[in-house]
Amino acid sequence: MCGSRYDRGGKSYTISKFIEGVIEAGAKAIILDPTGEYSTFDTHSKVDHSTVITDSYFPYQNLTINDLFVLFRPSGQVQQPVLLEAIKSLKVANCLMGNIPANGHSNNGTQDIFTFRTQQVVVQNGLIIKQNNFTAPYNNAYFIYKSIIEDFSHNHFDISILHKQIANECYQIFNDRWANSRDERNYGNSTSLIMRVNNVISDNDYSGMFGFNSPTTSNLITKVNDFLNNPDLNILRVGFENVPYNFQVREILANSLGRYLLNKARTNAFRENPLILFVDEAHQFLNKKVKDEYFESTELNAFDNIAKESRKYGLFLCLSTQMPRDIPVGTLSQMGTFITHRLINYQDKEAVASACSTANKETLSFLPSLGSGEAIIMGVDFPMPISVKVDLPTTTPKFDTPKFKIK
């Protein structure tokens, strides 16, 4: 859905009408609300809501390895392998400590020791101690829990000590044993990563969003799944109004949630009960990249992938934006229907034209002159564009263009 910011009763009112339609039809939809614009629906009996940081957090355990790489921004040359190895080590430690009776366990008062074929894996305060220890018992433990450790869609480890484990990885291996002295070159290359990981985990906003340190709010994934399993609810509004704009954290969080729903869709969770995902202000979240300290880019592409492959799984995407030029052409071309309100910018009109085969020049010429609430519907299911007037929704969105007071 495309529309100008300047016309009252444009895209936001149409989205509200869609929400009301979903409720009336008894369907299911999740709306990603970056500004809290649709919080006016929160009191509806068929609507549940969760505001990130204030009410809920997205658990870091459900971040993929790509999400963690985006969050911590390791450089590809040296830091990515070290970060990956540290995560694997913490997963090994978590598996060993979670299955103590099965792993030849003893404790000397300061360390937990696990014996494999007379050799030992040492765990101290949740960390795998590699300095001066043999590699074979660690590799044996890794092999036992390999399926868990290499499942990078779930991160069952204590992320609060990740920066310490990164330092523990900076030891060379000689004769099947980690060295007694730290590799200062490797450690020096990892110092900025260690600081970045520690800063992210210690930051109150990041902690509130991802539940790094003993969260007191609700688990957003649990909230999503409870909503999907509740036949009495039709809408879940996920509010981003309290999520800060710095360091692209909103984009990272939205991408993580999108990827979670995409992975869930791939398991055919929505085949029998389809789900609509509304993304308001879609230009904030699509076509985004995160750069590390060496200016290497990682693309945030969860919503692009949803648009390209999830219809067959029962996950449908509705994008709302006033700047279609900022949406990737490949994503726009996957949209089956366009509801286009007033558009003035030439590039916005060209973006619609390139993505929608029925958007001819004559139709596009009408877009700048559309009035309040007027729209043109185009798409593969419409042999020709249709001009419509959208009725006012019963529940109007929270925000409208402020008006100057004239004294």
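Tabulated values for the structure
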read-out	value
Filter result for THR110 (more than 30 Å from ARG196 (Cα to Cα), of a type in the set (Ser, Thr, Tyr) and either modelled with pLDDT under 90 or over 21 Å from the mean Cα position of the chain (by Cα) (or both))	no
Qualifying residue in the range 181-189 (condition: within 21 Å of the chain's Cα centre (by Cα) and not assigned by TED's automatic domain parsing to the domain that holds LEU262)	no
Matching residues in the range 317-364 - criterion: being touching a Pro at 6+ places or on another chain (Cβ under 8 Å), part of a loop (DSSP other than H, G, I, E, B) and in contact (Cβ under 8 Å) with a residue 40 or more places away in the chain	ARG342, LEU343, ILE344
Test: residue in the range 312-330 that is modelled with pLDDT of 85 or more, in contact with a Cys (Cβ under 7 Å, 6 or more places away or on another chain), farther than 30 Å from VAL78 by Cβ and among the aliphatic types (A, V, I, L, M)	no
Options SER147, SER153, SER160; residue that is of a type in the set (Ser, Thr, Tyr), more than 19 Å from GLN80 (Cα to Cα) and either touching a helix residue (DSSP H, G or I) at 6+ places or on another chain (Cβ under 9 Å) or at pLDDT below 95 (or both)	SER147
Criterion violated by ASP151 - all others in (1) surrounded by fewer than 16 Cβ atoms within 10 Å (Cβ to Cβ); (2) in contact with a His (Cβ under 9 Å, 6 or more places away or on another chain); (3) acidic (Asp, Glu) satisfied	(2)
Count of the range 143-172 residues which are under 24 Å from ASN189 (Cβ atoms) and free of Cβ contacts under 8 Å to residues at least 60 places away in the same chain	6
Filter pass, GLN77 being in a loop (DSSP other than H, G, I, E, B) and farther than 19 Å from LEU162 by Cβ	yes
Pick from the range 8-32, criterion crowded, with 19+ Cβ neighbours inside 10 Å and part of a loop (DSSP other than H, G, I, E, B), ranking: modelled with the highest pLDDT	GLY10
Subset of the range 163-201 (residues that are of a type in the set (Val, Ile, Thr) and buried (at least 16 other Cβ atoms within 10 Å of the Cβ))	ILE166, ILE194, VAL197, VAL200, ILE201
Residue that is modelled with the highest pLDDT [pool: residues in the range 339-397 that are surrounded by fewer than 21 Cβ atoms within 10 Å (Cβ to Cβ) and among the basic types (Lys, Arg)]	LYS389
Those residues of the range 102-142 which are polar (S, T, N, Q), free of Cβ contacts under 8 Å to residues at least 24 places away in the same chain and surrounded by fewer than 16 Cβ atoms within 10 Å (Cβ to Cβ), in sequence order	SER106, ASN107, ASN108, THR110, GLN111, THR115, THR118, GLN124, ASN139
Complete set of residues in the range 209-226 that are surrounded by fewer than 21 Cβ atoms within 10 Å (Cβ to Cβ) and either within 18 Å of the chain's Cα centre (by Cα) or closer than 23 Å to LEU162 by Cα (or both)	ASN213, SER214, PRO215, THR216, THR217, SER218, ASN219, ILE221, THR222, LYS223, ASN225
Neighbours by Cβ (under 8 Å, 6+ apart or cross-chain): first from the range 184-199, under 15 Å from LEU71 (Cβ atoms) and in contact (Cβ under 8 Å) with a residue 24 or more places away in the chain; second of a type in the set (Phe, Trp, Tyr) and surrounded by 15 or more Cβ atoms within 10 Å (Cβ to Cβ)	LEU193/PHE72; ARG196/PHE72; VAL197/PHE72
Selected residue (only one of SER89, SER160 is crowded, with 21+ Cβ neighbours inside 10 Å and in a helix (DSSP H, G or I))	SER89
Condition check for ASN204: within 30 Å of TYR260 (Cα to Cα), free of Cβ contacts under 8 Å to residues at least 12 places away in the same chain and surrounded by fewer than 16 Cβ atoms within 10 Å (Cβ to Cβ)	yes
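So that you can scan it fast, the table gives a plain yes or no per residue for (1) modelled with pLDDT of 95 or more; (2) assigned by TED's automatic domain parsing to the domain that holds VAL22; (3) at negative phi; (4) part of a helix (DSSP H, G or I):
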{"residue": "LYS223", "(1), (2), (3), (4)": "yes, yes, yes, yes"}
{"residue": "LEU228", "(1), (2), (3), (4)": "yes, yes, yes, yes"}
{"residue": "ASP232", "(1), (2), (3), (4)": "yes, yes, yes, no"}
{"residue": "VAL249", "(1), (2), (3), (4)": "no, yes, yes, yes"}
{"residue": "GLY258", "(1), (2), (3), (4)": "no, yes, yes, yes"}
{"residue": "LEU262", "(1), (2), (3), (4)": "no, yes, yes, yes"}
{"residue": "ASN268", "(1), (2), (3), (4)": "no, yes, no, no"}
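The values are calculated or read from the model by the stated rules, or taken from the named source; none is laboratory data. Owing to the predicted nature of the structure, the values given are computational and were not obtained by experimental measurement. Glycine also receives a Cβ, built like all others from the backbone with ideal geometry; neighbour counts cover every protein chain displayed.
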